[in-house]
Amino acid sequence: KWVKAMVTYHKIAKVVIPKMDALALKEIELGIANRKLAQANAELQEAQDLLDAMQEKFDLAMAEKQKLQDETDLTKKRMEAANALINGLAGEKVRWTEQSTEFADEISRLVGDCAMASAFMSYTGPFNKTFR
């Protein structure tokens, strides 16, 4: 029985020992590959961190650009509104000049007009002819 067991062991060992050697070799290769993978992952993480930092800078720069663009657009709209107002009021200058002249004439006649209005009111007022 012992001899049969040894023969069986020998037959199995012929198949298993090369597989165990191959397994040991593959485990060493796996360890090397895992170290390379860890190194590549570390490099990837560094690159990702750098990319994240650059993306943040880019986002800040784009936000600043958008803010400046919005301010530029607002200033342009204000300038267009101011130009429209100035152009609209340019036609009013003639009318204002004419009205200013008319007001000056009215002011110079105001005292006489008041005197005439007072005289008319006293003539047509509640007092009769003898009292006036």
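The values are calculated or read from the model by the stated rules, or taken from the named source; none is laboratory data. These numbers were taken from a predicted model, which means no experiment stands behind them. Note that each Cβ is placed from the backbone with ideal geometry, even for glycine, and that neighbours are counted across all protein chains shown. The area values use the complete protein model at the heavy-atom level, side chains included, leaving out ligands, DNA and RNA. Shrake-Rupley method; radii C 1.70, N 1.55, O 1.52, S 1.80 Å.
Structure values in brief
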| item | result |
| --- | --- |
| Odd one out for Lys36 among (1) open to solvent by 90 Å² or more (accessible area, probe 1.4 Å); (2) at pLDDT below 95 | (2) |
| Count of residues meeting criterion [of a type outside the set (A, V, I, L, M) and surrounded by 10 or more Cβ atoms within 10 Å (Cβ to Cβ)] in segment 1-18 | 4 |
| Residue in segment 88-103 that is free of Cβ contacts under 8 Å to residues at least 40 places away in the same chain, over 30 Å from Asp113 (Cα atoms) and among the polar types (S, T, N, Q) present | no |
| Condition broken by Gly31, with the remaining ones in (1) surrounded by fewer than 10 Cβ atoms within 10 Å (Cβ to Cβ); (2) within 57 Å of the chain's Cα centre (by Cα) satisfied | (1) |
| Subset of segment 78-132 [open to solvent by 100 Å² or more (accessible area, probe 1.4 Å), not hydroxyl-bearing (Ser, Thr, Tyr) and not in a helix (DSSP H, G or I)] | Pro126, Phe127, Lys129, Phe131, Arg132 |
